[in-house]
1. Taking F171 and the conditions (1) surrounded by 14 or more Cβ atoms within 10 Å (Cβ to Cβ); (2) modelled with pLDDT under 95; (3) among the hydrophobic types (A, V, I, L, M, F, W, C), which numbered condition does it fall short on, given that it satisfies the others?
2. Any residue at all in region 53-62 that is assigned to a loop (DSSP other than H, G, I, E, B) and either at pLDDT 90 or above or buried (at least 16 other Cβ atoms within 10 Å of the Cβ) (or both)?
3. With the checklist (1) open to solvent by 60 Å² or more (accessible area, probe 1.4 Å); (2) within 17 Å of the chain's Cα centre (by Cα); (3) not hydrophobic (A, V, I, L, M, F, W, C) in hand, flag the one item P21 doesn't pass.
4. Give me a count of the residues in region 57-72 that are touching a Leu at 6+ places or on another chain (Cβ under 7 Å) and under 27 Å from C28 (Cβ atoms).
5. Keeping to region 125-148, report how many residues are assigned to a strand (DSSP E or B) and open to solvent by 40 Å² or more (accessible area, probe 1.4 Å).
6. Filter region 93-110 for residues that are over 14 Å from the mean Cα position of the chain (by Cα) and either open to solvent by less than 10 Å² (accessible area, probe 1.4 Å) or on the phi > 0 side of the Ramachandran plot (or both) and give the result.
Amino acid sequence: LPFADFSDFDLRTYFGGNALPTYFSRGCINKCVYCTENKFFPGFRNRSGQRVFDEIVYQLSRYPETRYFRMHDSVSNGNVKELERLCDLLIKNRINIKFNLENAIIREEMGSGLYSKLKEAGCDIIGYGLESPAKPLLRSLGKSICLGADFDKVIKEGAQAKITMGINMMFGLPGETASDYNGQIDF
């Protein structure tokens, strides 16, 4: 597909006028029972780190005032290898931008080494959809990718890398117990 064309838009009139949207993926690697993502985007597909990098370079050539790229995707870190490839390309080519991972999954690969690389490449915000720290509840809901992760460690190491972390939580999930609720409040 061709890269997005914003030539018909006066980007200065939009909030964050020096920001452009892009994406890494469509679909999700989880199969959460409460989510419609897999209905809208059956299966998971992602662009390569090279393709996302090429789009960023292309958009910067057309809109050199751009300083921020917002990842509007289903799962920003669904393919960690390609995310790391994007970081490597941004660092190697000294592309001075900021970007976010708007919809990420807490997973064990998200650790201090990757966070350092993300920060150096320009990532300043990660939005995690954790929903609940109760792993048995997450398993029953189909949110399986995060089950191997130490949630506290993943969040702590991201904060230590000076990346702003947002964590989405849900209360009243099917099967949630009073203990799950209290554990979530403590978390």
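The values are calculated or read from the model by the stated rules, or taken from the named source; none is laboratory data. The shown structure was predicted, so the numbers you read here are calculated from the model rather than taken from an experiment. Positions of Cβ are generated from backbone atoms using ideal geometry, with glycine treated the same way; all protein chains shown enter the neighbour counts. Areas reflect the complete protein model, heavy atoms only, side chains present, ligands, DNA and RNA absent. Shrake-Rupley method; radii C 1.70, N 1.55, O 1.52, S 1.80 Å.
1. Going through (1) surrounded by 14 or more Cβ atoms within 10 Å (Cβ to Cβ); (2) modelled with pLDDT under 95; (3) among the hydrophobic types (A, V, I, L, M, F, W, C) one by one, F171 breaks only (1).
2. Applying the first criterion (assigned to a loop (DSSP other than H, G, I, E, B)) to region 53-62 yields none.
No: region 53-62 contains no residue that is assigned to a loop (DSSP other than H, G, I, E, B) and either at pLDDT 90 or above or buried (at least 16 other Cβ atoms within 10 Å of the Cβ) (or both).
3. With (1) open to solvent by 60 Å² or more (accessible area, probe 1.4 Å); (2) within 17 Å of the chain's Cα centre (by Cα); (3) not hydrophobic (A, V, I, L, M, F, W, C) applied to P21, the lone miss is (1).
4. Residues meeting the conditions: 3.
5. Looking only at that region, the number is 1.
6. If the condition is that a residue be over 14 Å from the mean Cα position of the chain (by Cα) and either open to solvent by less than 10 Å² (accessible area, probe 1.4 Å) or on the phi > 0 side of the Ramachandran plot (or both), then R94, I97 are the ones that fit.
Results for (1) over 20 Å from the mean Cα position of the chain (by Cα); (2) at pLDDT 95 or above; (3) assigned to a helix (DSSP H, G or I); (4) among the polar types (S, T, N, Q), shown as yes or no for each residue.
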{"site": "L1", "(1), (2), (3), (4)": "yes, no, no, no"}
{"site": "N30", "(1), (2), (3), (4)": "no, no, no, yes"}
{"site": "C35", "(1), (2), (3), (4)": "no, no, no, no"}
{"site": "P42", "(1), (2), (3), (4)": "no, no, no, no"}
{"site": "Q50", "(1), (2), (3), (4)": "no, yes, yes, yes"}
{"site": "D73", "(1), (2), (3), (4)": "no, no, no, no"}
{"site": "K81", "(1), (2), (3), (4)": "no, yes, yes, no"}
{"site": "I91", "(1), (2), (3), (4)": "no, yes, yes, no"}
